[in-house]
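> Please read through the structure below; I'll follow up with questions.
The values are calculated or read from the model by the stated rules, or taken from the named source; none is laboratory data. Only a predicted model underlies this, so the values are computations on that prediction, with no experimental measurement involved. Note that we place each Cβ from the backbone using ideal geometry, even for glycine, and neighbour counts take in every protein chain shown. Just the protein is used for accessible areas: all its heavy atoms, side chains included, with ligands, DNA and RNA removed. Shrake-Rupley method; radii C 1.70, N 1.55, O 1.52, S 1.80 Å.
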Amino acid sequence: MLHLLLYLAALSQLTGSTVHQSSGTKTSTTCTVTGPAVIDFSSQVGFVRDRCGYTLMSAPGLQLLAVFRERQREDVSFLDHVILRLDGPAVDIQLGQGGKVQMNSTTLSLSSSPQTVHGVELSKDVNGVSASVSLYNYTASIFFDGTTAQIHMKGQGPALQGLCVNSSSSLSEVKLSELSSSSCETQFSEPADGRINCPMMSARCNLLKEAPFTSCHSLVNPEPYVTACNDTLCRYPAKDTLKCQFLEAYAAACSLMGNVSMEDWRSKASCSPPQGFCQDVICRDHEFCGEDISSRPACLCRAHFASKYRVKGSLGDPTVCGQDSASVTLAGCLLNERGIDYTDLHLNDNTCGGQMDEETHMVTFSFKGDKPCGTVISASNKTITYKNTIKTNISSSSAQISRLDLVNIDFSCFYRQPDVKKLSFKIKGGKALQQIESGSWNYSLTMSMCSDMACETPFDYSDGVQTDQTIYMNLNTGGLDGSIITLVTESCYATNAETGGNLKYDLVMSGCGNPEDSSVKVVEDGNGGTTLAFKMFQFKDDSSGIFLSCKMKLCLKRDPTCQPECQKRRRRRRTLRPQYEDPNPAIVSISWS
């Protein structure tokens, strides 16, 4: 493996650990970048507190770049990936999380057998990715395991610049705008994590000052590693293998700089071999690889991405209501934090699971008219609601107990009852149309004139309307679920003025035709609407015209109490949609707004 080759080369060429920006001194030296810390070639430590891209090392023909990102706290940054940038022709080789290696935009397939790409020798094993390039009179070797980068320089030292040369350099001088977002320098402040015991963490960091690490002190100064360890572990919880990360980084630097025996340091520090904890776990840009609740590697949410969900205590986005469908999307990384496998979740109908978007790692659950997935429909005096629940498939495990979170997330869409408004028009006028919004489910409320009860032919009143002529007025909706919901006409009346008329005549009262006017009939049209039939009239001693106003409400067809007695009729039992009644009230974690 490459780090073994580096170790042997370092042993044979080791003459010191000095670096000069413009000298020809023969060198063998190491720069370590781990967490937010940069320990330069001169064993000085500096910190990157933001989420920008910087130059670690710039030499003739080669630049080594690093990008820092946040993890579970916005105020602590970590090394995220490194880039080897070669001159002539310009090539970027990115060593990323999970052992992913890209040359420009192409993902490379690597193994433990080295392969050469544009003069760079690349290999990958269970612990990480190695890269080595020889230019002019020097060789630069990089090992990156997803958390720590070890940069080893040997040979005739060229003129160098960057954070690995001087970790206290002004960051503005080495910042790379093309690798940095416009807000990457924003500084965040978060409350201290009460779970962190700083004295205990400091005692752990100080292990680097004790045996068996003392056998390396003459080659690698432990103080910058202790400083870096204390700075990070007193501000960020010791999880995601961070408890051993700085000890591991020091041991790796020692192996590069000399033949040092520290075989039992892991047992003293209670650190297991890393064994590629996050290798081949490829996360998206808003995620990083860390430990879930069961200490398994998983793609977890970066703090900035998760903040919009955590402030609401939710696991995903608000419900999206379509014309006859509803869907809710959960963040896969939020589920991973709780050790929840999205394939163990389903709706009321357990055959309706979630769909994972492989590009975004977002999981969507949905129901629609032709696949209700156990949707429960209920009515109140203000809304008709379609509700479903995302829940855990508790039968998927044979274990008697579980320590994982149970999931019970309600989401819904609803039709809002029409506001108390008047739809008024003159008989010799045209057609009234009003759009009523119900969240994202819209339906149109229409009042139109017809020549027959079936309302198949529009009524031509261009020449006026004769008194004693039968008028058919259809009150209907578009966009409603007609198999479930019907429009009930509560009242209709005529006045002699569009507003403020002093004459009034009732056609429909309490959903029924005026009992004193036998010409008035109110009939459901079978499509969720109603048709009102009556004979035209005029007010005595008034020729200003007739203006009609109607008030409507929505009803569930299966709810006999919502509809007027005069409209009740025997209906066949509907089996189009199964009605699920959940015996256990759901915990509302996500609701439509």
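> In cubic angstrom, how much convex hull volume per residue do the alpha carbon atoms of region 464-532 span?
Details: hull volume 8.8 nm³, N = 69.
So the per-residue hull volume is 127 Å³.
> Tell me, what is the 1.4 Å probe accessible area of CYS566, in Å² to the nearest 10?
The value for CYS566 is about 70 Å².
> Using heavy-atom solvent-accessible surface (probe 1.4 Å) with all chains present, what is the largest-first order of PHE78, PHE305?
On the way: PHE78 5, PHE305 40 Å².
These residues rank, largest area first, as PHE305, PHE78.
> If you don't mind, another one. What residues qualify as long-range amide H neighbours of GLU524, i.e. H under 5 Å apart, gap of 5 or more or another chain, H built at 1.01 Å from N?
Excluding prolines and chain starts, which carry no amide H, the hits are THR531.
> Please report, largest first and rounded to whole Å, the three semi-axes of the ellipsoid equivalent to region 142-256, where each semi-axis is the square root of five times an eigenvalue of the C-alpha gyration tensor. Each step should come with its number before you reach the end.
Values: eigenvalues 130, 118, 28 Å².
After diagonalising the Cα gyration tensor, the semi-axes are 26, 24, 12 Å.
> Quote the FRET efficiency, to the nearest 0.05, computed for THR561 versus ASP280 with a Förster distance R0 of 56 Å and r equal to the Cβ-Cβ distance.
Working: r = 60 Å, r/R0 = 1.08.
Result of the calculation: an efficiency of 0.40.
> Tell me the Kirkwood radius of region 44-142: reciprocal of the mean inverse pair distance over distinct alpha-carbon atoms, in Å. It would help to have the intermediate numbers written out before the result.
Working: mean 1/r = 0.0691 Å⁻¹.
It is 14.5 Å.
> Quick check on packing: order 502-509, 55-62 by the mean number of other C-beta atoms within 10 Å, highest mean leading. Working shown, then result.
On the way: 502-509: 15.9, 55-62: 19.4.
Going by the mean number of other Cβ atoms within 10 Å, highest first, we get 55-62, 502-509.
> With N denoting the number of residues in region 196-276, provide Rg(C-alpha) divided by 2.2 N^0.38 Å, to two decimal places. It would help to have the intermediate numbers written out before the result.
On the way: Rg = 12.0 Å, N = 81, 2.2 N^0.38 = 11.7 Å.
Expressed relative to 2.2 N^0.38 Å, the Cα Rg reads 1.03.
> Further, regarding this structure: Mind checking region 122-175 for chymotrypsin sites (Phe, Trp or Tyr not before Pro) that DSSP puts in a loop (not H, G, I, E or B) and that have at most 16 other Cβ atoms within 10 Å? Could the numbers behind the result be given before it?
On the way: sites: TYR136, TYR138, PHE143, PHE144; in loops: TYR136.
Sparse-neighbourhood loop chymotrypsin sites (Phe, Trp or Tyr not before Pro): TYR136.
> While we're on this one: Of LYS391/LYS553; LYS368/LYS557; LYS371/LYS557; LYS371/LYS551; LYS154/LYS268; LYS368/LYS551, which ones are farther than 25 Å apart at the Cα?
Values: LYS391/LYS553 34 Å; LYS368/LYS557 19 Å; LYS371/LYS557 20 Å; LYS371/LYS551 33 Å; LYS154/LYS268 32 Å; LYS368/LYS551 30 Å.
Over 25 Å apart, Cα to Cα: LYS391/LYS553; LYS371/LYS551; LYS154/LYS268; LYS368/LYS551.
> Mind listing the Cα extents of region 64-109 along all three principal axes, in Å, largest one first?
That gives 39, 22, 12 Å along the principal axes, largest extent first.
> Between the alpha-carbon centers of region 257-319 and region 61-94, tell me the distance in whole angstrom.
So the two Cα centres are separated by 19 Å.
> If you don't mind, there's one more thing I want to ask. Looking at the square roots a ≥ b ≥ c of the eigenvalues of the Cα gyration tensor of region 251-344, which shape do they give, rounded for a/c under 1.5, prolate if a/b is larger than b/c, or oblate? Don't skip to the end; give the middle numbers.
Values: a/c = 3.50, a/b = 3.18, b/c = 1.10.
The shape class here is prolate.
> Under a cut-off of 18 Å between alpha-carbon atoms, report the aspartates and glutamates in cross-link reach of LYS100, not counting same-chain residues fewer than 8 places apart.
ASP80, ASP92, GLU121, ASP125, ASP145, ASP280, ASP285, GLU287, GLU358, GLU359
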